[in-house]
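Here, each number is a calculation from the coordinates, and none is a lab measurement. Being a predicted model, the structure only gives us computed values, none of them experimental. Using ideal geometry, Cβ is built from the backbone for each residue, glycine included, and neighbour counts are taken over all protein chains shown.
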Amino acid sequence: MAGLIAYGAHVPYHRLARTDIAAALGTGAGRGTRAVAGYDEDTTSMAVEAARGALAREGLRPRIGQLFLATAAPAYLDKTNATAVHAALGLDPHVLAADMAGSVRSGLGALVTAARSPVPTLAVLSDLRTGLPGGSDESAGGDGAAAFVFGGHRNGAPVLAELLAHDTVSDEILDRWRLPGAPSSRVWEERFAEDVYVSLADQALTAALEQAGLERGAIDHLVVAGLHARACAAVRRTPGVRPEAVTPDLTGVIGNAGTAQPGLLLADVLDRAHPGEVIALLVLGDGAGVLLLRATDALPVHRAPRPVAGQIAAGGPPMPYATYLSWRGLLDREPPRRPDPEPPYAPPAHRRTRWKYGFTASACEKCGTRHLPPERVCTSCRSVDAMTDEPMQHVRGTVATFTVDRLAHTPSPPMLVVVVDYDGGGRFRCQLTDATEADAAIGARVEMTFRRTVTAAGVHNYFWKARPVRTGETEGTHG
Amino acid sequence: MSSHGIRDRVAIVGMGCTPFGEHWTRSADDLLIDAVGDAVTSAGVTLDDIDAFWFGTQASGVSGLTLSRALRLPNKPVTRVENMCATGSEALRNACYAVASGAYDVAMAVGVEKLKDSGMSGLSGTAVPGAGDDSRGEITAPANFSLLAPAYAAKYGLAQDEMKDVITRIAWKNHVNGARNPRAQFRKEVPLERIRSAPIIAGMLGVFDCSGVSDGSAAAIVVRAEDAYKYTDRPIFVKALSLVAGPADGLLDPEYDFTTFPEVVASAQEAYRQAGITDPRAELALAEVHDCFTPTELVLMEDLGFAGRGQAWKDVTGGAFDLDGSLPVNPDGGLKAFGHPIGASGLRMMFEAWLQLRGEAPPERTVKTLAEGRSLALTHNLGGGPGECVSFVSVVGSEPTD
């Protein structure tokens, strides 16, 4: 049996209240909130966070045969972004890592490619949606990522949802488009594409159900994703589908995360679907696509460690609109009078990929002392070159002391800094993120998260930060 | 292996120190020329009489040429040294050892730094290429030293407000002292409430908890102790020189608790051993310590043995380290009132010891402990930060040991 063997999602901590946009610009921006990627997040770092959730289960990482990163907001062009995700996950060098970047539909492409692949495949969908201030893309958009592993059943990695069928319909249509570098996309008059999408969705759904030998009434969860809100609303009313099977689209609370939206919605359904239930994921965009899945008995035992609903509930208080604008580069604020931050230097970053991306420390073979960063000489027994790798991504810690650095160069001052003592030994001083000054306190519990610390001289700097361990999130088993 | 001090084998017979401050109209060359000129004048010698030079700067020049070019030295040996914020002390230490070894009769230590030209607040950093990749968690200097405050407060049960009062008291004291010093950058007393309510820079530290950014230079001339009285009636004798570079494991090791600098403890114990000091609080007439930030001075009082563990905050608030206290600390105003031109600070500290022990400090700042018969001064200079630093401690005295 082939199908989904793992999944994970990342909803950023920050929220923007749509009424705050309206208050600042005098527009009717709507109700509710949208999720906002932190100043230190981009599609690559969010992809890592989602994939860490998907690969939290013991023994899964070594099985991954290929990795696809789908995004409409790639952190780099020319340079592959999936390789940073690959490095952060510590995958074998021979695992293919490739981008599916540029179009929102690449999310569907990654999912279908993974579902069809003969080797276990990790599809990561990540997007950061931005529009011009006051536009509907800004208020309706959202940021986030989701990751899915498709593969066959193996001991220790059971199938959580059987793949019953899939179908895609491709259609060249000028519905939504964006020239490279443009800050927001353009959309044709809405009525035009609505009819087209309703028809395409029907074709794809019909084809997939026929393959699976199912009627529309057999669908227990209908997930509809796409940037065309009117078309999605119409498709949710598809005749024959039980109204109670139609799932909420979460746009009111976290916005529409574009490329990642089908992933976030599917993850949310997987968080609560019962064994035997049929899930239809229907994605609209330059055509339509359908994945038909049936939840297995293994799903309730192996759900993602961080449910989407839990991450939504754990979101921070609404942030000021001006802060959002400055994080997105739409409001240029005065920098501190400090030397400009340094970009990463290529050779040291390459030499220390396993530390910088993988957060792999070293442990002394003689006395067990952990060293962050990895060292050659033991600080405790002074043994030389007697070290083994010590993965620290999933180790939580406690704040030994802290400060708030108001002079340091950061895209969102002030910089919160904590000295973390890890459970089981080891210490590291790093930034604290997704937090306020009140969260920086001696004794506070923290966990590690992969972030883009700064972009300097046109180079993104990725590294790990601590963030508060928040209640409502379960701790997974990690491999 | 053992360390052999050079107690009473060398003496300082001349010193110079520029005013520290915003020297917009003067270059590093101008500053060091002035400090060197004052030093040779005070020793009654000329530059031709100096056999070798140790020149300390962190970022205001590289190689001995920075000094020899400015002074047009005629083919003399000049060594540039750098040991972070302890650079000035390192220059002096090397000059002392050169004379003690017999290699030279007369050596000079010079320190200089030009910080204000950078346009940056705080230190402008070194030219050493790093990795630039954030993977060591670099932070600014005030943030680094501010890590001490919550740790100290938590360990010894001080409330946030009490801790703020303690460090405020340190800043207040050093500004009181600096107001009596014509060479200081800041020459006004600052009311406690103004220090306490100043804009916050990092953690608990406000603007007045941080040393300023200034330019300056200082220089010292070192000769064999037996030759000292040929140059001056009041030489100061080097009793101890101690420098350690720590294993830098405090940011790796959860055992380190951010309420001490183990490197300072080690260098102080070594210096006291060399100088034969058993009770520094009672034997020293004064101490010039590295008060780069106010919590640093608090912790140093315990590390240098001036107060028991967890007790320094009481001594600070009780005035023990004030100008008229039982052990005056930073009577010249310290880094707080002088700013911290890296290469010059260690020698600036020694300059205050030189003035006080020779009875040349102005009356309003002269420490009363001298009248009680004490004749020893300590200087302490620190580079790095909590968890990984270099520490220098010297002891000098106005009397040769019998």
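Summary of values
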item: Relative contact order (%) - criterion: Cα under 8 Å, at least six apart; region: chain B; result: 26
item: Cα-based helix-to-principal-axis angle, A:261-270 vs chain A, degrees rounded to 10; result: 90
item: P(r) tail fraction, region B:267-335 - alpha-carbon pairs more than 18 Å apart, %; result: 32
item: Charge tally in the Cβ shell below 13 Å around B:G5, where Lys, Arg are +1 and Asp, Glu are -1, B:G5 excluded; result: +3
item: Part-to-part distance (alpha-carbon centres) for region A:59-102 and region A:185-222, which is given in Å; result: 30
item: Overall dimensions of region B:4-80 by Cα: Rg and Dmax, Å; result: 13.6, 45
item: Region A:259-337 shape via C-alpha gyration tensor axes, a/c threshold 1.5; result: oblate
item: Sparsely packed trypsin sites (Lys or Arg not before Pro) within region B:188-220, loop by DSSP, other Cβ within 10 Å at most 13; result: B:K188
item: Amide proton proximity set for A:R429, modelled H, under 5 Å, gap of 5+; result: A:V420
item: GNM result for chain B, Cα springs below 10 Å: residue of B:G203, B:G37, B:G102 fluctuating most strongly; result: B:G102
item: Separation in nanometres of the label points that stand 7 Å from Cα toward Cβ, at A:D78 and B:A282; result: 7.3
item: Förster radius 25 Å - calculated FRET efficiency between B:A103 and B:Y229 (Cβ-Cβ, nearest 0.05); result: 0.70
item: Taking only Cα atoms of region A:183-253, radius of gyration then Dmax in Å; result: 13.5, 44
item: Kirkwood-based Rg to Rh ratio, region A:151-296, C-alpha trace; result: 0.99
item: Positive-pole candidate from B:A141, B:A159, B:V40, dipole of chain B, charges at beta carbon; result: B:V40
item: FRET efficiency, B:S197 to A:R445 (Cβ-Cβ, R0 35 Å, nearest 0.05); result: 0.60
item: Sum of side-chain charges, B:K230 neighbourhood, beta-carbon under 12 Å (Lys, Arg +1; Asp, Glu -1); result: -4
item: Selection from A:A70, A:A82, A:A140 lying farthest towards where the dipole of region A:68-205 points positive, charges on Cβ; result: A:A82
item: Trypsin sites (Lys or Arg not before Pro) within region A:12-113, DSSP loop, no more than 16 other Cβ atoms inside 10 Å; result: A:R31, A:K79
item: Cα convex hull of region A:1-92, projected area averaged across orientations, nm²; result: 8.7
item: Coarse-grained scattering of region B:17-56 at q = 0.22, 0.28, 0.35 Å⁻¹, given as base-10 log I(q)/I(0) from a Debye sum over alpha-carbon atoms; result: -0.78, -1.04, -1.25
item: Solvent-free Debye scattering, log10 I(q)/I(0), computed from the Cα coordinates of region B:259-387 at q = 0.13, 0.14, 0.22 Å⁻¹; result: -0.48, -0.56, -1.52
item: Region B:225-327, relative contact order in percent, only Cα pairs under 8 angstrom and at least six apart counted; result: 23
item: Net charge contributed by nearby residues that have their C-beta within less than 14 Å of A:A54 (K/R +1, D/E -1); result: +3
item: Region A:79-229, Cα convex hull volume normalised per residue, Å³; result: 160
item: Inter-chain Cβ neighbour average for residues A:353-363, partner chain, 10 Å; result: 1
item: Cα gyration tensor, region A:233-279 - rounded (a/c under 1.5), prolate or oblate; result: oblate
item: Stokes-Einstein diffusion coefficient of the protein assembly as shown, Kirkwood radius over Cα pairs, 20 °C, 1.002 mPa s, in µm²/s; result: 71
item: Cβ-Cβ FRET estimate between A:S199 and A:T27, R0 fixed at 30 Å, reported to 0.05; result: 0.35
item: Derived scalar couplings ³J(HN,Hα) [region A:173-178; Karplus, 6.51 cos²θ - 1.76 cosθ + 1.60; whole Hz; x for Gly, Pro]; result: 9, 8, 9, 8, 7, 8
item: Dimensions (Å) - region B:183-338, Cα atoms, principal axes, largest first; result: 52, 41, 30
item: Amide H contacts of A:A72 (H built 1.01 Å from N, under 5 Å, at least 5 apart or other chain); result: A:G102, A:L128, A:T259
item: Prolate/oblate/rounded call for chain A, Cα gyration tensor, a/c under 1.5 rounded; result: oblate
item: Spatial separation of Cα centroids for region B:129-178 and region A:354-379, in angstrom; result: 28
item: Cα coordinate range in region A:332-479, projected on the principal axes (Å, largest first); result: 51, 40, 26
item: Stretch gain in nm, segment A:A386-A:R338, where the contour uses 0.36 nm per residue and the Cα spacing is subtracted; result: 13.3 nm
item: Bins of 10 Å, starting at 0 and running to the largest distance - Cα pair percent for region B:212-288; result: 14, 29, 35, 17, 5, 0
item: Distant-in-sequence amide H partners of B:S217 (H built 1.01 Å from N, under 5 Å); result: B:T18
item: Two-decimal log10 I(q)/I(0) for region B:42-180, as the Debye equation yields it once each C-alpha is a single scatterer, q = 0.10, 0.11, 0.12 Å⁻¹; result: -0.56, -0.65, -0.75
item: Mean Cβ neighbour count within 10 Å, used as a protection proxy, ranking A:371-383, B:132-144 highest first; result: B:132-144, A:371-383
item: Backbone HN-Hα couplings from phi across region A:430-438 [Karplus 6.51/-1.76/1.60, Hz, Gly and Pro as x]; result: 8, 7, 10, 10, 6, 8, 10, 4, 5
item: Extreme residue, positive dipole direction of chain A, given options A:M319, A:G252, A:V223 (C-beta unit charges); result: A:M319
item: Calculated Rg and Dmax of region A:225-307 using C-alpha coordinates, Å; result: 13.1, 37
item: Phi-based couplings in Hz for region B:181-188 (Karplus 6.51, -1.76, 1.60; Gly and Pro marked x); result: 10, x, 8, 6, 6, 10, 10, 10
item: Distance from region B:55-77 to region B:287-334 (C-alpha centre basis), Å; result: 35
item: Measure of compaction for chain B (Cα Rg per 2.2 N^0.38 Å); result: 0.91
